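Computed from the coordinates by the stated procedures, all read-outs in this text should not be read as laboratory data. Bear in mind that the values here come from a model prediction, so they are computed numbers and not experimental data. Every residue, glycine among them, receives a Cβ derived from its backbone with ideal geometry; neighbour counts consider all protein chains shown.
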Amino acid sequence: MKLYYVHDPMCSWCWAFQPVLLEVKNKLPTNIEFIRLLGGLAADSDKPMPEKTKQYVIDNWRRIQQQLPETKFNYDFWTACRPRRSTYPACRAVIAARKQGTKYDEIMTHKIQQAYYLQARNPSGNETLIELAKEIALDANQFSQDLISNDINEELFKELNTARNLQLNSFPGFLLMGDTRALHIDPDYSQAETILEKIRMRIDNGDC
């Protein structure tokens, strides 16, 4: 049995979901394989983020803080950086990091989130991503080459297609897959136990 988790390193709701996600993963039954998938929120772009989009994202941060006050955001990002609506570089960074060890998938994802949401650094730029790779003790030269390689880009699009074929189109998202059926599990942003109970019920009822 598999539990797919789809996310994007620059998805603000995924950032808000991080504490619950860690608890779900740590308490997941051992017979369920946990698989992370990148969703790819926004394609490559060198253009500045339009004002309308910028305001939408800022409003989304505020909405998250109203619902989940423990989630922190550093609004200095919007003046310290040149925002771009582009998350594919951050997604490629996760894959490039993963290439140096599977544990770096989560480590790089969390590092990107901290840089973006807490430190007002822009993960849409390769320069920032290379800095982050150094900070988590990756081989920076290898990472820099992989980050812009065709192989990593192809791997990203393969992962995006997998997520879409599984109909994991909103982030964060879960899909519990058994031998005969696949069932979407709605995230609960405040309680891991709600998600774990849904998974247990689906298994006990033979839904998967």
Take the residues in the range 132-167 that are hydrophobic (A, V, I, L, M, F, W, C) and outside any helix (DSSP H, G or I); name whichever of them is surrounded by the fewest Cβ atoms within 10 Å (Cβ to Cβ). 137
Enumeration of residues in the range 31-70 that are closer than 17 Å to residue 174 by Cα and either among the hydroxyl-bearing types (Ser, Thr, Tyr) or crowded, with 16+ Cβ neighbours inside 10 Å (or both): 32, 36, 37, 38, 39, 40, 41
Count of residues meeting criterion [of a type outside the set (S, T, N, Q) and either under 14 Å from the mean Cα position of the chain (by Cα) or within 20 Å of residue 158 (Cβ to Cβ) (or both)] in the range 102-128: 12
Selected residue [surrounded by 14 or more Cβ atoms within 10 Å (Cβ to Cβ) and assigned to a loop (DSSP other than H, G, I, E, B)] from 179, 188: 188
Qualifying position, being under 20 Å from residue 43 (Cβ atoms) and either in contact with a strand residue (DSSP E or B) (Cβ under 8 Å, 6 or more places away or on another chain) or acidic (Asp, Glu) (or both), among 183, 168, 175: 168
Can you tell me which residue within the range 89-121, out of those that are in contact (Cβ under 8 Å) with a residue 60 or more places away in the chain and of a type in the set (S, T, N, Q), is surrounded by the fewest Cβ atoms within 10 Å (Cβ to Cβ)? 113
